[in-house]
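Inspection log for the structure reproduced underneath, given as structure tokens.
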Amino acid sequence: MAGRPTWSSKSSTTLLTTATTCGSRRPATFLGLPVWDVAAAHDIGINFSEEYRTFIHRVDPQIDSERAKVVTDLLFTGHVQSLALVDRPAAPRKTQNATGDNLETDGRLAVLVPR
């Protein structure tokens, strides 16, 4: 698609609350610039699932709050050149995760350009 920017599939990374280490994360590239795209969820507790017979995590339903915390923490480091909140019209505003937690979002993804 000529004239349309694309993400590099080799280095695109979404920061999520996962067990991976910070050292294994790499920035995506957009128009030749390294960028971080940020989405996050905040674990607020655990429940026992009778169905799966195991413990499952509970997530704060206001997932944009955790995105704001991650962005604020990154801005505080002084290593962020610019920030944009990118609209994702196809993203559902209200949904549930796999364990039934309700989730609400404005649908935007934080994109940061590091210094």
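Here are a few things to note about the model shown:
- Summed side-chain charge close to Ser49 - residues other than Ser49 whose Cβ falls under 14 Å, Lys, Arg +1, Asp, Glu -1: -1
- Net charge, Val86 excluded, C-beta distance under 14 Å - Lys, Arg +1, Asp, Glu -1: -1
Values quoted throughout were computed directly from the atomic coordinates according to the rules given, and no laboratory measurement underlies them. No experiment lies behind these values; they were computed from the predicted model shown. Cβ coordinates were reconstructed from backbone atoms using ideal geometry, including for glycine residues, and neighbour counts include every protein chain displayed.
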